[in-house]
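Structure, as structure tokens:
The values are calculated or read from the model by the stated rules, or taken from the named source; none is laboratory data. Just so we're clear, the structure is a prediction, and the values are computed from it rather than from any experiment. Heads up, the Cβs are rebuilt from the backbone with ideal geometry, glycines too, and the neighbour counts pull from every protein chain shown. When the accessible area is computed, the model is the full protein with side chains, heavy atoms only, and any ligands, DNA or RNA have been set aside. Shrake-Rupley method; radii C 1.70, N 1.55, O 1.52, S 1.80 Å.
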Amino acid sequence: MKYLLLISILFCSPAFAQQKIKPDAEKMQWFADAKLGIFIHWGIYSVNGIEESWSFHNKNISYEKYIKQIDGFTANFYNPASWADLIKESGAKYAVITTKHHDGVALYDTKQNDWSLVKKSLAKRDLIAPFVKELRNRNIKVGTYFSLLDWSNNDYPEFLKDSVRYKLKSDTLRWQRFQRFCQNQIQEISSQFNPDLFWFDGDWEHSAEEWQAEKIRKNILAHNPKVIINSRLQGYGDYETPEQNFPIKKPDFKYWELCLTTNNSWGFQPHDTAFKTMDEIISIFTDCIGNGGNLLLDIGPKEDGTIPIQQQNILKELGKWIHKNEEAIYNTTAGMPLGYYYGASTLSKDSATLYLFVSNKNAGNVVIKGLENKIKKASIVSSQKILTSKIVGKISWSNVPGLVFIKMPEATDDKYFSVVKIELEGKLKLYETENKK
Ligand code: GLC
């Protein structure tokens with residue numbers, strides 16, 4: 001009875017209703033340790049600098065005009081080595097590039113149809129393979145973004161927001177033809193690039209059964225059992241992918257990654273100059289890793305293959321900050337839950353060192369509540385400056401811990417966020433009240 005109740009609770013909760021896969025911890029380890037990835041949205045939409053795929057789907061531009069952008073795509077200055085250098089410099093451990101967005105135009109030499117930059121644009125070459133090679137040379141893991149839905153394919157039912165080519169149920173043969181096409185493209189990506197990670201998108205237009213999601217997963221893993229698959233495969237993925245922000249609490253999945261634009265656009269849109277500040281980016285990044293997730297930060301190169309200077313600067317600046325604070329970032333786990341410290345924190349894998357991320361905008365004292373351990377030493381990671389701490393409000397006869405006040409230095413050499421390293425006596429132990437009766 002007890003088990004029946006447990007099972008029904010588990011399966012009624014939304015996470016379990018959706019996720020059909022129990023991720024393999026060993027396979028997921030590099031991902032959990034990576035913390036930062038770089039997302040790349042590159043495609044014909046960068047020619048006019050308009051929204052990727054959605055601009056024709058939502059009828060902001062006609063399909064004919066949208067697809068005509070293919071004539072203006074040159075990749076003239078595309079330098080995959082310098083892209084990979086920049087990614088390395090950012091501190092990212094993996095990159096995910098669009099092999100095909102919802103518009104159906106592949107960036108690699110697909111044999112399944114003519115819709116590729118290889119066959120139809122002046123670029124005339126596979127743009128994915130050389131990039132994959134450069135990433136591998138630098139020991140950066142390779143992720144391939146692939147849109148299941150394909151609004152350019154005549155066998156695909158959906159097209160514009162208010163029109164469909166046909167109803168799936170009315171022509172199952174046509175749909176089967178599309179399924180074969182889609183599965184063949186996935187096979188091509190597996191065998192040509194052998195990615196470490198498959199980043200699916202566009203699953204929402206059809207069910208797991210319609211996509212044959214289970215079969216897609218099986219085929220990918222048959223080629224390489226180590227591949228990590230994101231959640232946008234109707235429940236058959238290994239990790240969750242919130243987009244742009246995660247409200248308050250981390251997602252329920254054990255593994256997750258927030259994908260985030262640097263301005264408000266995934267692809268290159270020159271009119272969009274609303275770039276996030278470094279303070280904002282670091283704040284979001286530390287919030288992700290403090291909650292046990294990764295950040296997948298997006299860039300949108302121009303049609304000629306150059307990366308907008310603002311995005312180059314963001315990646316370089318983030319890399320500098322990460323480099324100074326590495327020990328608090330890579331190979332850590334989620335820090336203290338909400339309430340113990342009003343900011344993000346991480347924890348070393350042996351649970352004996354806490355790292356607090358402190359915005360320089362609110363320097364002064366930082367406060368930790370409910371810390372049961374004694375502090376051996378507190379210091380700033382980048383400068384190794386020793387900090388003093390004080391216990392406030394400890395009642396001698398009660399086992400409720402006092403508040404720890406740590407005094408921040410007047411000036412630090414961290415422009416954005418300082419990282420406070422707290423070496424504890426023993427493994428982190430937090431006082432629990434109501435939750436633990
Ligand atoms: C959305 C959009 C797409 C973008 C993706 C990135 O699903 O459809 O344009 O590529 O998010 O996460």
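Descriptive notes on the structure:
- Portion, in percent, of the accessible area of the chain that falls on carbon or sulfur, probe 1.4 Å: 53
- Contact order, relative form, for segment 333-424: 35 percent (alpha carbon pairs under 8 Å, 6 or more residues apart, mean separation divided by residue count).
- Ellipticity estimate at 222 nm from DSSP helix runs (n ≥ 4, -39,500 (n - 2.57)) divided over the chain, nearest 500: -8500 deg cm²/dmol
- At R0 = 35 Å, FRET efficiency that the Cβ-Cβ distance of Trp30 and Lys316 yields, to 0.05: 0.90
- In degrees, nearest ten, helix 80-90 long axis to first principal axis of the chain (Cα): 20
- FRET efficiency for the pair Asp350 and Val392, taken as 1/(1 + (r/R0)^6) with r the Cβ-Cβ distance and R0 = 35 Å, rounds to 0.80.
- Over 31 Å apart at the Cα level, from the set Lys226/Lys377; Lys141/Lys254; Lys120/Lys167; Lys22/Lys120, are Lys226/Lys377; Lys22/Lys120.
- Under DSSP loop assignment and at most 15 Cβ neighbours within 10 Å, longest chymotrypsin sites (Phe, Trp or Tyr not before Pro)-free interval of the chain: 167-341
- Alpha-carbon centroids, segment 17-79 and segment 217-287: separation in whole Å: 12
- Modelled spin labels at Phe405 and Asp71, positioned 7 Å past Cα toward Cβ, are 7.1 nm from each other.
- Computed on segment 47-108, with alpha-carbon pairs under 8 angstrom and 6+ residues apart, the relative contact order is 36 percent.
- Applying 1/(1 + (r/R0)^6) with R0 = 25 Å to the Cβ-Cβ distance of Arg180 and Lys22 gives a FRET efficiency near 0.25.
- For the chain: accessible area per residue (Å², 1.4 Å): 46
- Here the relative contact order of the chain, from alpha carbon pairs under 8 Å that lie six or more residues apart, stands at 16 percent.
- Taking 7 Å steps out from each Cα toward its Cβ at Ser383 and Lys169 produces label points 6.8 nm apart.
- Long pairs among Lys68/Lys169; Lys100/Lys415; Lys316/Lys421; Lys59/Lys302; Lys250/Lys385, criterion Cα-Cα beyond 27 Å: Lys68/Lys169; Lys100/Lys415; Lys250/Lys385
- Checking the Cα-Cα distances for Lys324/Lys427; Lys249/Lys429; Lys27/Lys111; Lys35/Lys407 against a 23 Å cut-off, the pairs over it are Lys324/Lys427; Lys27/Lys111; Lys35/Lys407.
- Separation of alpha-carbon centers, segment 367-437 and segment 317-365, rounded to whole Å: 12
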